[in-house]
1. Residues that are of a type in the set (D, E, K, R) and not assigned by TED's automatic domain parsing to the domain that holds Pro251: find the strands (runs of 3 or more DSSP E) completely inside the stretch 109-168 holding 1 or more of those.
2. Sort through Thr34, Thr40 and tell me the only one that's closer than 23 Å to Trp138 by Cβ and either in the same structural domain as Pro140 (by TED's automatic domain parsing) or without any contact (Cβ under 8 Å) to a residue 12 or more places away in the chain (or both).
3. If you take the residues in the stretch 114-130 that are closer than 14 Å to Ser239 by Cβ and among the β-branched types (Val, Ile, Thr), which one is farthest from the chain's Cα centre (by Cα)?
4. Give me the helices (runs of 4 or more DSSP H) completely within the stretch 263-327, filtered to those with at least 3 residues that are in the same structural domain as Leu252 (by TED's automatic domain parsing), ordered by residue number.
5. For Ala237, which of the numbered conditions (1) surrounded by fewer than 23 Cβ atoms within 10 Å (Cβ to Cβ); (2) touching a residue at least 12 places away in the same chain (Cβ under 8 Å) fails to hold?
6. Which one is farthest from Asn35 (Cα to Cα) among residues in the stretch 53-103 that are hydrophobic (A, V, I, L, M, F, W, C) and loosely packed, with under 15 Cβ neighbours inside 10 Å?
7. Pairs only if they're at least six apart or on different chains, beta carbon under 7 angstrom, first in the stretch 86-97 and at positive phi, second crowded, with 17+ Cβ neighbours inside 10 Å and of a type in the set (Ser, Thr, Tyr); list them, first residue then second.
8. Going by the conditions given, is Ala214 of a type in the set (Gly, Ala, Ser), part of a helix (DSSP H, G or I) and farther than 20 Å from Asp144 by Cα?
Amino acid sequence: MRYVLGLDGGGSKLLCVIADETGRMIGSSLAGPTNSSYNTPEEIELSITSVISEILANHNIARQDVSIVYGALPADGQLSISTITKNLHDGVKVNLCGEYVLSLFGAIQEDYGAVVQAGTGSFAHIRTPKTEITVGGWGPILGDEGSGYYIGKNALMACVRMADELGIFTILQERILTYCKQVKMRDLCTLIYATPSNKQSTLIASLCPIVGKAAAEGDKVAIDILEDAAEMLFMQASSVLKLPDVEARFPLTVAGGVWKTNPLLFNCFSTKIKQLFPQIDLRYPLFEPVIGGVLLGLRDLGFPVKAKIEELKHHFSAYSISADLFQ
């Protein structure tokens, strides 16, 4: 039996999913972050080694039986490939690609299209038969508008303004203090600045679900933050969709955990897309990005991914995305 691995790494974690050549999901494993901007080569190597060794051991799979690996890791490519190969075998086919490749194929099983990614960071990417362009993805200091970090930071700023009596009341302050186990905003400020730089973005982005819940309860500040984030993500999307070779029914989808925060985010985004780009085919994502890597590997093995998509929905239900999250 041959197996394929999908790897999806980032600033907070590395997720691995393994499937056999019949399209059946075998299992998954999780390890630490793999971002060269924040993590040392030793930390990245440890995360990759841990995630692969754990999944093989847990399911009694010989390393020689893994045929293909598709991965998206914001880490040094040579380091990633050598570590993957060392933990598998010299003959394994390793394909490292951009996050957008896994996101796009996982979401809509297409090689060409546009995807707006909103996780800890954010970007928009488009791939056509003629062009490939990325907008955004500049990191928390220079960009990441509309991302989990962006939403979390705006929530913190609203709480600070409330503490200084410069802004309106928001339930976000109490919720965030409780979540971070702090009593006062000054204490929370100390905690944030004392957090190592490689973990600050993750901490701030983790506040995003709190904003989503507050918005669902009608908190005006939270609603304004999400509407602003939707505008930022729309601006990134509109930049890539203006390409001259974007034709009618060109597919656009979304990826990343931020889209699950609250349906308001996607609804505001989709409304703007439909108004300015009525010819675009905006689709709900079907699977998480990591499954995009698995599906690409299965396709390379000759598995008819599109023809058996309903079967795959069942096999990978743990990583499928419900359309209800966007409605």
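The values are calculated or read from the model by the stated rules, or taken from the named source; none is laboratory data. Everything numeric here is computed off the predicted structure, so don't read it as measured data. Cβ: placed from backbone, ideal geometry, glycine included. Neighbour counts: every protein chain shown.
1. No strands (runs of 3 or more DSSP E) qualify here.
2. The match here is Thr40.
3. So the residue we want is Ile126.
4. By residue number, 263-276.
5. (1)
6. Per the criteria, the residue is Ala62.
7. Listed by first residue and then by second, the contacts come to nothing, as the list is empty.
8. yes
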